[in-house]
1. Restrict the search to segment 65-158; then list the trypsin sites (Lys or Arg not before Pro) that DSSP places in a loop and that have at most 10 other Cβ atoms within 10 Å of their Cβ.
2. In the chain, once you exclude exposed GluC sites (Glu not before Pro) (DSSP loop, at most 14 other Cβ within 10 angstrom), what's the longest stretch remaining?
3. Just to be sure I understand the model, the point goes 7 Å from the Cα along the line to the Cβ. What's the resulting residue 134 to residue 118 distance in nm?
4. Using just the helices of the chain, give the 222 nm mean residue ellipticity in deg cm²/dmol: DSSP H runs with n ≥ 4 each add -39,500 (n - 2.57), and the total is spread over all residues, rounded to 500.
5. Among the lysines, which fall within straight-line cross-link reach of residue 95, defined as a Cα-Cα distance under 25 Å, with same-chain neighbours fewer than 8 residues apart omitted?
Amino acid sequence: MGITSFTVEITTPISAAKIFNAAILDGHNLYPKLIPGIISSASISEGDVGVGSIKQLNFTDAMPFAYVKERIDVLDKENFECKLTLIEGADIGKKLEWATSHIKAEPTSDGGCIYKVSSELKTLSGIEYSEEELQMSKNAAAGMVKAMEAYLIAHPDA
């Protein structure tokens, strides 16, 4: 049993406010439209997208698990920061005791931002994630941000 962590940083021309609002506050509405081959549906199953709210993403057969539920533990709209805890689905109870993600959109001088996703995973006793599995998680995080970026570039008034 151990803690594994990784960070993904994506530089984007989209402002921190715009991508944070789209990805965190409205992602449950947008992600199924942006990556329908991976996310079949998404919803807020409890709350109002504030602290304590529960988000659920349901996946297509392209993913090795059917869904994830995440609880919003920290939400700082002014500083474009959010912390989520995976509470159900994915590998919880199979490989993981718990997992958290800390998301921060840091404005850059050119009007864009650096979108950072830092994750910590506490594995169950005797379980370790391979580098390939960790890379898949990194790629998934980057892919979601890039899909959101493409959408916001194509729809500047969104």
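1. 94
2. Longest site-free region, per DSSP loop and neighbour criteria: 1-77.
3. Simple spin-label model gives 1.6 nm for this pair.
4. After summing the helix terms and dividing by the residues of the chain, the value is -7500 deg cm²/dmol.
5. 55, 69, 83, 116, 122, 138
Values in this text are rule-based calculations from the coordinates and carry no lab data. Given the structure is predicted, the values throughout are model-derived calculations rather than measurements. Cβ: placed from backbone, ideal geometry, glycine included. Neighbour counts: every protein chain shown.
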